[in-house]
Protein chains: 2
Amino acid sequence: MAEQADVARRAPLSRARILRTAVALADDAGIAALSMRNLAQELGVVPMALYKHVANKDELLDGMIDEVVAEIDPPAADGDWKHTIRRRVLSARQMLRRHPWASLAIETRDTATPGVLAYLDSMVGAFRAGGFSVDLAHHVMHAMGSRILGFSQELFDASRRAGRSGTSGPEPSAVFPPEAAARFPHLAEVAGAASHEDGSVVGSGCDDQFEFEFALDLLLDGVERLHRQGWTSSEPGMSSTAARVLPADRMTSG
Amino acid sequence: MAEQADVARRAPLSRARILRTAVALADDAGIAALSMRNLAQELGVVPMALYKHVANKDELLDGMIDEVVAEIDPPAADGDWKHTIRRRVLSARQMLRRHPWASLAIETRDTATPGVLAYLDSMVGAFRAGGFSVDLAHHVMHAMGSRILGFSQELFDASRRAGRSGTSGPEPSAVFPPEAAARFPHLAEVAGAASHEDGSVVGSGCDDQFEFEFALDLLLDGVERLHRQGWTSSEPGMSSTAARVLPADRMTSG
DNA sequence: CTCCTTGGTGTACGCCGTACACCTATGGTC
DNA sequence: GACCATAGGTGTACGGCGTACACCAAGGAG
């Protein structure tokens, strides 16, 4: 009990405490540094002790994911669908920025956690409540979940990282090393323009939040247009979908 | 040379052969099964032999990425920007389907490979050639590279995988186990509708290729609209960007 | 003939996840 | 109070990983 202070030298190690500590450790040291051994040490306990509370490392990761997904604001009751979706998506994004490991962890898991499913479900629910057909809601969810360029998570992260030689970095221009600029002139042009255009962005080259909202609004506005004109998948209303130029590009969809 | 057939018992192990074999192994057995030891065994060689041709495993992965990125069709010279972009993106997608490990591998690397940079550069070039301002091209690239829902790569992959109990799976409905359907009614509704709507989709629930092109065209059409109306970031022309509802949601972008 | 370089080998180290046997308090039952 | 089942922390050990480092065989150059 409380009498023997040194026997209860630590808080008594529960699944919840393990998950909280694991999230904190991944936040601080990166997901690569999250080993069962490191986590155990952080908790002042031997590695195998963890296995009395989580089945294995995969289950630990699942727990961590649901832990952070729960941080996403619940859907707002007021407002139209667009407002609701927008706020929710931005809240999810804030969570992902707080926990940079989460995005990759979620995508890596081979089966979605209950928390993730609940989030997606409530998102579909918001579209449905806004009068969307099941059909349109379905396709819109896909559109919001897919990345058109297959990769390059935050597009210029790589080039930005390549230019970092310290945390100070007061030089906003020349994000590219010169030889890269020669090889990739268009990227260099874009990167250069981005670093000049706005004083509110200090050293990083471009305003991630602006870019994200640009993409979000581009999509939401398109979706709103489809919704208003009563789009259905059997009779597509999008211009280029009707006049599809590359029927041969369709794959076998296996 | 060719005289001693047993001395040259294998093709002489070059960087190119290592990369080709590594790609094939990752394609077949999954990226998790690609260890230096496994790869060496596949090549009939001792693990440390690989290190005479690649610096370490990270560099091996970089090489593999450039290997598969090179499979993306070069940009078409003819046609308008939309045609060019669309074809290129779809070609990239086909590559990513051939090499399911590639998408994650590319996103995991902390510095973009030359091949990836070249691909992105040519993409920006296509927009520029289509008359896009540097500004718009920049933001559009971000929009195409970002995923609005922060995760869930192919949205219903997870639920689909949860329902797989074999390769046959002749039952298109009930993608969800019933208890999950009760907890996530909207997802269940969407998943159920998807499995009924089209005879061309056999067992998988929804047509990934259709979903992808839906998202692609939604974005391209929105982009075309912005382009036509001379959008600039200083004076946004998108409806919801002008009447932004949630200024407080903006983060410090740091 | 000697020597240097190129490329494959063998051993070994420290990390990882985790199976398994063990120990030790706790609390319920008689 | 005696007994014992159970929950939870411990210690050891195994196989796999990436890779540092010393070694060695073959071939070309002087």
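Out of all the residues in segment B:127-134, is one or more facing another protein chain (nearest Cβ under 7 Å) and open to solvent by less than 30 Å² (accessible area, probe 1.4 Å)? Yes: segment B:127-134 contains one or more residues that are facing another protein chain (nearest Cβ under 7 Å) and open to solvent by less than 30 Å² (accessible area, probe 1.4 Å).
Let's see how each residue does on (1) more than 11 Å from DNA strand D (Cβ to nearest atom); (2) more than 14 Å from chain A (Cβ to nearest Cβ); (3) open to solvent by 70 Å² or more (accessible area, probe 1.4 Å); (4) polar (S, T, N, Q):
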{"position": "B:A24", "(1), (2), (3), (4)": "yes, yes, no, no"}
{"position": "B:A32", "(1), (2), (3), (4)": "no, no, yes, no"}
{"position": "B:A40", "(1), (2), (3), (4)": "no, yes, no, no"}
{"position": "B:K52", "(1), (2), (3), (4)": "no, yes, yes, no"}
{"position": "B:G63", "(1), (2), (3), (4)": "yes, yes, no, no"}
{"position": "B:D66", "(1), (2), (3), (4)": "yes, no, no, no"}
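Total residues in segment B:96-113 satisfying the condition of being more than 10 Å from chain A (Cβ to nearest Cβ) and open to solvent by less than 60 Å² (accessible area, probe 1.4 Å): the figure is 2. Annotation: B:H83 fulfils all but one of (1) touching a helix residue (DSSP H, G or I) at 6+ places or on another chain (Cβ under 9 Å); (2) closer than 29 Å to B:D221 by Cβ; the unmet one is (1).
Does B:P74 satisfy being away from DNA strand D (no atom under 16 Å from the Cβ) and not in a helix (DSSP H, G or I)? Yes, satisfied. The residues of segment A:15-53 that are outside any loop (DSSP other than H, G, I, E, B), touching a residue at least 24 places away in the same chain (Cβ under 8 Å) and more than 11 Å from DNA strand C (Cβ to nearest atom), listed by number, are A:R15, A:R17, A:I18, A:L19, A:R20, A:V23, A:A26, A:D27. If you go through segment B:74-95 and pick out every residue that is open to solvent by 30 Å² or more (accessible area, probe 1.4 Å) and either basic (K, R) or within 7 Å of another protein chain (Cβ to nearest Cβ) (or both), you end up with 3. So, in segment B:117-126, of the ones that are more than 7 Å from every other protein chain (Cβ to nearest Cβ) and open to solvent by 10 Å² or more (accessible area, probe 1.4 Å), which residue ends up farthest from the chain's Cα centre (by Cα)? By that ranking, first place goes to B:A126.
Among the residues making up segment A:135-144, those that are crowded, with 21+ Cβ neighbours inside 10 Å, within 7 Å of another protein chain (Cβ to nearest Cβ) and closer than 21 Å to B:A181 by Cβ are A:A137, A:H138, A:H139, A:M141, A:H142.
B:R9: assigned to a helix (DSSP H, G or I) and at pLDDT below 95, yes or no?
In short, no.
Against the conditions (1) open to solvent by less than 30 Å² (accessible area, probe 1.4 Å); (2) within 16 Å of DNA strand C (Cβ to nearest atom), B:K57 satisfies every one except (1). State whether one or more residues within segment A:103-125 are among the aromatic types (F, W, Y), in contact (Cβ under 8 Å) with a residue 60 or more places away in the chain and in a helix (DSSP H, G or I). No: segment A:103-125 contains no residue that is among the aromatic types (F, W, Y), in contact (Cβ under 8 Å) with a residue 60 or more places away in the chain and in a helix (DSSP H, G or I).
The values are calculated or read from the model by the stated rules, or taken from the named source; none is laboratory data. Not measured: the values here are computed from a predicted model. We place every Cβ from the backbone using ideal geometry, glycine too, and count neighbours over all the protein chains shown. Remember, those area values only see protein heavy atoms, side chains included, never the ligands or the DNA or RNA. Shrake-Rupley method; radii C 1.70, N 1.55, O 1.52, S 1.80 Å.
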